[in-house]
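Participant: There's a structure below that I have some questions on.
The values are calculated or read from the model by the stated rules, or taken from the named source; none is laboratory data. Since this is a predicted model, take the numbers as computed values, not measurements. With ideal geometry, Cβ positions are generated from the backbone for all residues, glycine too; neighbour counts draw on all protein chains shown.
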Amino acid sequence: MNSNIFFQKKKVKIKSIFPNLRIRKNFIINEVKPLHSATKNDLTFFDSLRYKDEAQNTKGSVCITTDNLKDYLPKQTNKVLVKSVLLELAKVLKKIYPFADIDYPDFTLNKPNINKFKHVKFGNNVLIGKNIKCGKNTVIGSNTIIQSNVVIGNDCVIGSGVIIKNSILGNRVVIQDGCKIGQKGFGFIPLKDKNIKFPHIGKVIINDNVEIASGCTLDRGSVDDTVIGKNTYLDNQVHLAHNVKIGSNCMIAGQVGFAGSSVIGNNVSIGGQAGISGHLKIGNNVKIGGGSGVVKDIDDNQIVMGYPAVPLKEFIKISKK
């Protein structure tokens, strides 16, 4: 059974994709998952030393990787050695999830059945897709679109002109006007004659008591998920790229941008127009000044500012020169 409720999955055997792979059982690929969450009969991938700890502990049955990284993987993990991990992964994802590389329109959209959603209040011109779930006392504003299989919890407020797809929302979530949530992220493999689109099979998970202000865009995960922790607030025009994870009790000011796969700890505050580069780890209780450019990991309990972002005391010394 396909555990991915948002994307159609084909039943594909591992040997049909990798015919030269030496493996005892030609199993049907269960899911394509990151190293840390892959289990038996899952396909995973390893393309950077940054993830060597996850590689050493992965439970995935088969891993796409390179010759110089293979020895970090467990002996029981079958290795597929390639020159470009992400290019090979994009091709595999397209075969297993053929409709995840483009966001096609949802042609199941229709006016909500009031009898089915007795405890939900809808504004004018709301459209919803098939199989959506919406909790009690939730309010959805005019001209909003909720696409197929989206899950919305209790006591949520969804503003006007919002589009939500490929997402699961907790309870008491507030999403203000004009937000776009769950769309495909910016992912492709540039080749000489043609760019290969990278399918995005992940989702957006928004936990309880989160508030997202007007005009924010939250991309769904590529292979992992994009996640916002409990009681986190996003100001206007914040952008989260695919696979970004933000912890609990964070405050993100307007026009902050997060590049893909960065992980933000708990109790983090980020000033307006700051930029966070991709694949970074920002610790707990960190404060990042407005307009800063974060290009490397930040440990717990740090205050940083500037471009590139440095500890606040160092930034003040530099500013005085």
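Participant: Does region 2-24 hold any residues that are of a type in the set (S, T, N, Q) and surrounded by 13 or more Cβ atoms within 10 Å (Cβ to Cβ), and which are they?
Facilitator: Across region 2-24, the qualifying residues are Asn2, Asn4.
Participant: Scan region 70-108 for residues that are surrounded by 15 or more Cβ atoms within 10 Å (Cβ to Cβ) and in contact with a helix residue (DSSP H, G or I) (Cβ under 7 Å, 6 or more places away or on another chain) and jot them down.
Facilitator: Those that are surrounded by 15 or more Cβ atoms within 10 Å (Cβ to Cβ) and in contact with a helix residue (DSSP H, G or I) (Cβ under 7 Å, 6 or more places away or on another chain): Tyr72, Leu73, Lys79, Val82, Val92, Ala100, Asp101.
Participant: OK, next. Somewhere in region 282-292, is a residue at positive phi, in the same structural domain as Leu312 (by TED's automatic domain parsing) and not small (Gly, Ala, Ser)?
Facilitator: yes
Participant: Another question about this same structure. Output the number of residues of region 197-214 satisfying the condition of being within 23 Å of Asn154 (Cβ to Cβ) and crowded, with 23+ Cβ neighbours inside 10 Å.
Facilitator: 5
Participant: In addition: When you look at Lys9, is it basic (Lys, Arg) and at pLDDT 95 or above, yes or no?
Facilitator: no
Participant: Which residue is nearest to Ala38 (Cα to Cα), if the candidates are limited to region 197-229 and must be hydroxyl-bearing (Ser, Thr, Tyr) and part of a loop (DSSP other than H, G, I, E, B)?
Facilitator: By that ranking, first place goes to Ser222.
Participant: Condition first: among the hydrophobic types (A, V, I, L, M, F, W, C) and more than 19 Å from Gly271 (Cβ to Cβ). Now tell me which residues in region 210-240 satisfy that.
Facilitator: Selection gives Val210, Leu218, Val223, Val227.
Participant: A further question follows. Which condition number in (1) within 19 Å of Ile5 (Cβ to Cβ); (2) modelled with pLDDT under 95 is the one that Phe188 fails?
Facilitator: Unmet condition: (1).
Participant: Given the condition without any contact (Cβ under 8 Å) to a residue 40 or more places away in the chain, closer than 23 Å to Phe188 by Cα and of a type outside the set (A, V, I, L, M, F, W, C), answer yes or no: does some residue in region 230-238 qualify?
Facilitator: There is no residue in region 230-238 that is without any contact (Cβ under 8 Å) to a residue 40 or more places away in the chain, closer than 23 Å to Phe188 by Cα and of a type outside the set (A, V, I, L, M, F, W, C).
Participant: Looking at the structure I just gave you, is Val227 in contact with a helix residue (DSSP H, G or I) (Cβ under 8 Å, 6 or more places away or on another chain) and either within 14 Å of Val173 (Cα to Cα) or aliphatic (A, V, I, L, M) (or both)?
Facilitator: Considered against the rule, which asks whether it is in contact with a helix residue (DSSP H, G or I) (Cβ under 8 Å, 6 or more places away or on another chain) and either within 14 Å of Val173 (Cα to Cα) or aliphatic (A, V, I, L, M) (or both), Val227 comes out as no.
Participant: Oh, and also: Taking into account only those residues within region 230-253 that are within 30 Å of Thr39 (Cα to Cα) and not small (Gly, Ala, Ser), which is surrounded by the most Cβ atoms within 10 Å (Cβ to Cβ)?
Facilitator: The qualifying residue surrounded by the most Cβ atoms within 10 Å (Cβ to Cβ) is Leu240.
Participant: Then there is this: Restricting to region 1-42, count the residues that are in contact with a helix residue (DSSP H, G or I) (Cβ under 9 Å, 6 or more places away or on another chain) and aliphatic (A, V, I, L, M).
Facilitator: Counting residues in region 1-42 that are in contact with a helix residue (DSSP H, G or I) (Cβ under 9 Å, 6 or more places away or on another chain) and aliphatic (A, V, I, L, M) gives 8.
Participant: Moving on. Taking the conditions exactly as written (in contact (Cβ under 8 Å) with a residue 24 or more places away in the chain, hydroxyl-bearing (Ser, Thr, Tyr) and buried (at least 18 other Cβ atoms within 10 Å of the Cβ)), does Ser222 satisfy them or not?
Facilitator: Spelling it out, Ser222 is indeed in contact (Cβ under 8 Å) with a residue 24 or more places away in the chain, hydroxyl-bearing (Ser, Thr, Tyr) and buried (at least 18 other Cβ atoms within 10 Å of the Cβ).
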